[in-house]
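Report on one structure; see the data block that follows.
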Amino acid sequence: MKLNQLRAPKGAMKKRFKKGRGEGSGLGKTAGRGGKGQTARKSGGIPAGFEGGQNPFQRRVPKRGFNSHFAEVQIVNVGALDKRFNAGVVTPEDMLEAGFIGHKNLEVKVLGKGKLTKALHVKANRFSESAKAALEAAGGKAEVI
């Protein structure tokens, strides 16, 4: 069998019904569009939600809430890291296991609140200036990922 010999099985291809081909066809004259008016025209019709000039529902109901345009950031303080981790590398995965952050997909920002006594190499998305200074003063490093 060749590609030019392929045919759809019998009954698989249904012919499109042509509207407006005489009264006897069942869909002649108005072609299923009813009587006259806006909806009978080819480009007629009304937009979704239109209520005949009455104030539409989506404008009548009160709007509540607020969507912030700032990215959601999880915050960790250097003092908390100092209490939980020994000197070495601290990644967001380690912070997640320790319970400092709730989600691995959200950004992590380290802030400089608390005392730091160990040399921690912290990997996070953001650092405050005070957190960078505290990490470097303790002999650690702040690495942006």
(request) Output the number of residues of the range 105-145 satisfying the condition of being of a type in the set (A, V, I, L, M), within 21 Å of E72 (Cβ to Cβ) and touching a residue at least 40 places away in the same chain (Cβ under 8 Å). (result) 4
(request) Tell me, please, whether a residue that is in contact with a helix residue (DSSP H, G or I) (Cβ under 6 Å, 6 or more places away or on another chain) and of a type in the set (K, R) can be found in the range 84-93. (result) yes
(message) Based on this model, can you work out whether G99 counts as touching a helix residue (DSSP H, G or I) at 6+ places or on another chain (Cβ under 6 Å) and on the phi > 0 side of the Ramachandran plot?
(response) no
(message) Against the conditions (1) surrounded by 10 or more Cβ atoms within 10 Å (Cβ to Cβ); (2) modelled with pLDDT of 90 or more; (3) polar (S, T, N, Q), where does T117 fall short? Just the number, please.
(response) (2)
(request) Evaluate the range 63-70: report whether one residue or more is closer than 30 Å to L135 by Cβ and of a type in the set (A, V, I, L, M, F, W, C). (result) yes
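Of all the residues that make up the range 134-145, how many are surrounded by 15 or more Cβ atoms within 10 Å (Cβ to Cβ), among the hydrophobic types (A, V, I, L, M, F, W, C) and not in a strand (DSSP E or B)? Please lay out each step first, then the result.
The initial filter retains those residues of the range 134-145 that are surrounded by 15 or more Cβ atoms within 10 Å (Cβ to Cβ), namely 134-135, 138, 140, 142.
Those still in the list that are among the hydrophobic types (A, V, I, L, M, F, W, C) too: 134-135, 138, 142.
Adding the requirement that they be not in a strand (DSSP E or B) leaves 134-135, 138.
Adding up the residues that qualify gives 3.
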(request) Could you check N125 against (1) touching a Pro at 6+ places or on another chain (Cβ under 9 Å); (2) exposed (fewer than 11 other Cβ atoms within 10 Å of the Cβ) and say which number it fails? (result) (2)
(message) If a residue must be assigned to a helix (DSSP H, G or I) and either at pLDDT below 90 or not hydroxyl-bearing (S, T, Y) (or both), how many such residues does the range 120-133 contain?
(response) 4
(request) Just give me the residues in the range 76-105 being assigned to a loop (DSSP other than H, G, I, E, B), within 26 Å of the chain's Cα centre (by Cα) and surrounded by fewer than 14 Cβ atoms within 10 Å (Cβ to Cβ), in sequence order. (result) G99, G102, H103, K104, N105
(message) Out of the residues in the range 1-42 meeting the condition of being in contact with a helix residue (DSSP H, G or I) (Cβ under 7 Å, 6 or more places away or on another chain) and charged (D, E, K, R), tell me which one is surrounded by the most Cβ atoms within 10 Å (Cβ to Cβ).
(response) R33
(message) So in the range 33-75, with the set limited to residues that are within 34 Å of the chain's Cα centre (by Cα) and basic (K, R), which one is nearest to G102 (Cα to Cα)?
(response) R64
(request) Among the numbered conditions (1) assigned to a loop (DSSP other than H, G, I, E, B); (2) touching a residue at least 12 places away in the same chain (Cβ under 8 Å), tell me where A48 comes up short. (result) (2)
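The values are calculated or read from the model by the stated rules, or taken from the named source; none is laboratory data. Since we're looking at a predicted model, the values are computed, not measured. No Cβ is skipped: glycine too gets one built from the backbone with ideal geometry, and neighbour counts run over all protein chains shown.
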